[in-house]
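Only one structure is covered here, and it is reproduced in the block below.
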Amino acid sequence: MKYGYARVSTDDQNPALQLAALKRADCEKVFRDDGLSGAIRNRPALLRCLKKLQRGDTLIVWKLDRLGRSLRDLISMLDDLKQRGVKFGRKPKLYGAHLN
């Protein structure tokens, strides 16, 4: 199953580009955090998403910085996904999707 994760840092930011790109990537379920910095570890939607992922699933994000701000946390998270047999995607078409 394909899961998407979207995040905006402030309440006045609009996640529409992220959500549209994740829809085009055929994500069956999208988890979304609003108004939360990537530096915050306890992001409720991300935690639910990570808990839901199973071997063979794919997690897709619009841009890598939506998943986390710290390189150390990103490496740890991606390593954990790999060990669990979860694929990770950030396809170039997602990044430039709003230009089409």
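Each value in this text was obtained by applying a stated rule to the coordinates, not by laboratory testing. Here the structure is a predicted model, which means the values were calculated and not measured. Note that each Cβ is placed from the backbone with ideal geometry, even for glycine, and that neighbours are counted across all protein chains shown.
Between S70 and A16, the modelled labels are 3.4 nm apart [label points 7 Å from Cα along Cα→Cβ].
In summary, the convex hull built on the alpha carbon positions of the stretch 2-95 has an orientation-averaged projected area of 5.3 nm².
Per-residue ellipticity at 222 nm for the chain, helices alone: DSSP H runs ≥ 4 residues times -39500 (n - 2.57), over residue total, nearest 500 deg cm²/dmol?
-10000 deg cm²/dmol
Put simply, the convex hull of the Cα atoms in the stretch 20-68 casts, on average, a shadow of 3.7 nm². Label positions at N42 and F88, each projected 7 Å from the Cα along the C-beta direction, are separated by 2.4 nm. Largest mean-square fluctuation among L59, L47, L17, in a Gaussian network model of the chain whose springs join Cα atoms under 10 Å apart, belongs to L47. Annotation: amide H-H contacts under 5 Å for F31 (H modelled 1.01 Å from N, sequence separation of 5 or more, or interchain): G4, Y5, A6. The mean sequence separation of alpha-carbon pairs under 8 Å and at least six residues apart, normalised by the residue count of the stretch 2-95, gives a relative contact order of 34 percent.
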